[in-house]
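See structure below.
The values are calculated or read from the model by the stated rules, or taken from the named source; none is laboratory data. Remember, predicted model here, so these are calculated numbers, not experimental data. Because the Cβ atoms are built from the backbone with ideal geometry, glycine has one as well, and the counts that use them run over all protein chains shown.
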Amino acid sequence: MKKLLALTLAAGMIAGVASGQTVLSQNAVGYVKVEVDGGKFAIVRSDFTPMSGDAPTPSVVYGDSLPLGTTIFLYNASTLSYQSSTYEIGTDPDTFLPIEQWSDDSLDLSPGRSWWVQPGGTDENVPVIAMGEVPPDSQQAVTILEGFNLVSFPYPADTMWEDTELAQSAEIGDTVYFYDVETENYTSSTYEIGTDPDTFLPIEQWSVPNLVVTPGVGFWYQAGTGRVVDENRPYPWPNDNE
């Protein structure tokens, strides 16, 4: 799976990228592309808010950019079930002519969430693109319930897992699972009691260090207790010091 983060320029806006950090002016527009082979599954997310101001549903986030037969699966941690939407041929309610549409356009694809996507209708590589306005808010909330949650880091930036507020809020036994679409396997890390390599005293730590959360990609989080975590924007923004 290949990932590409692109930040584009709007009128009167300046953007710069250095050392993985992005410095932006107001109303920055960007997109993230995750490439997935047709028929395979990937856990993806949208890092942006819709430029139209509409709710981030499948038709707003993806429009007609994905092939017919593509399905999104959004996990509901409170009901322990999935809500799905497939890009398909439907019927225009006004003209009764066939149109391409999402079967359920009520799915909430907001930043902080993630979902499975399975591109349909082809065996070839499919670019799954989400675009919109780069979040300017200094914090965005991620809601975690007890048990399994399909969530994400709500900003378009490479971030060390252990630096996220979610990782730092962990309780012993919490586990994060990152899915690799190429190997179709998970890499997991559990918050546990380990041993300090210098003092040999017990310390709390993540079992697998140096994991990176990349733009456009979500993950599973298994929590012993529910909580709401405010993730901090990892890049500077104009007027931050005002």
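Just name the residue that is nearest to the chain's Cα centre (by Cα) out of those in the stretch 83-102 that are without any contact (Cβ under 8 Å) to a residue 12 or more places away in the chain and part of a strand (DSSP E or B).
Only one residue fits best here, namely ILE99.
What do you reckon, is LEU74 part of a loop (DSSP other than H, G, I, E, B), in contact (Cβ under 8 Å) with a residue 24 or more places away in the chain and in contact with a Phe, Trp or Tyr (Cβ under 7 Å, 6 or more places away or on another chain)?
When the stated conditions are applied, LEU74 does not pass them.
Do you know which residues across the stretch 103-143 are assigned to a loop (DSSP other than H, G, I, E, B), of a type in the set (Gly, Ala, Ser) and within 21 Å of GLY38 (Cβ to Cβ)?
SER103, SER114, GLY120, GLY121
Quick check on GLU192: is it touching a Ser or Thr at 6+ places or on another chain (Cβ under 6 Å), of a type outside the set (S, T, N, Q), without any contact (Cβ under 8 Å) to a residue 60 or more places away in the chain and surrounded by fewer than 17 Cβ atoms within 10 Å (Cβ to Cβ)?
It is true that GLU192 is touching a Ser or Thr at 6+ places or on another chain (Cβ under 6 Å), of a type outside the set (S, T, N, Q), without any contact (Cβ under 8 Å) to a residue 60 or more places away in the chain and surrounded by fewer than 17 Cβ atoms within 10 Å (Cβ to Cβ).
Can you confirm whether the stretch 151-171 contains a residue that is surrounded by fewer than 13 Cβ atoms within 10 Å (Cβ to Cβ), of a type in the set (A, V, I, L, M) and in contact with a strand residue (DSSP E or B) (Cβ under 6 Å, 6 or more places away or on another chain)?
no
Mind checking which residues of the stretch 211-242 are over 19 Å from the mean Cα position of the chain (by Cα) and modelled with pLDDT of 95 or more?
GLY224, THR225, GLY226, listed by residue number.
Considering only residues that are of a type outside the set (S, T, N, Q) and either within 17 Å of GLY30 (Cα to Cα) or outside any loop (DSSP other than H, G, I, E, B) (or both), which ones fall in the stretch 55-65?
Within the stretch 55-65, PRO56, PRO58, VAL60, VAL61, TYR62, GLY63 qualify.
Name the pairs: first residue in the stretch 202-222 and over 15 Å from VAL181 (Cα atoms), second residue small (Gly, Ala, Ser) and part of a strand (DSSP E or B), Cβ to Cβ under 7 Å, at least 6 apart or on different chains?
These pairs meet every condition: ILE203/GLY194; GLN205/GLY194; TRP206/SER189; SER207/SER189; VAL208/SER189; LEU211/SER189; GLN222/GLY147.
Does THR79 count as outside any loop (DSSP other than H, G, I, E, B), assigned by TED's automatic domain parsing to the domain that holds PRO111 and either of a type in the set (Phe, Trp, Tyr) or at pLDDT 95 or above (or both)?
no
State whether the residues of the stretch 117-127 include one that is crowded, with 21+ Cβ neighbours inside 10 Å and within 16 Å of the chain's Cα centre (by Cα).
Yes, the stretch 117-127 contains at least one residue that is crowded, with 21+ Cβ neighbours inside 10 Å and within 16 Å of the chain's Cα centre (by Cα).
For the stretch 139-183, enumerate the residues that are of a type in the set (Ser, Thr, Tyr) and modelled with pLDDT under 95.
THR183
Of all residues in the stretch 144-180, which are part of a loop (DSSP other than H, G, I, E, B) and either in contact with a Cys (Cβ under 7 Å, 6 or more places away or on another chain) or over 12 Å from THR214 (Cβ atoms) (or both)?
LEU145, GLU146, PRO154, THR164, SER169, ALA170, GLU171, ILE172, GLY173, ASP174
Which condition breaks for SER207 when tested against (1) surrounded by fewer than 20 Cβ atoms within 10 Å (Cβ to Cβ); (2) of a type in the set (Gly, Ala, Ser); (3) within 14 Å of the chain's Cα centre (by Cα)?
Here SER207 meets the rest and fails (3).
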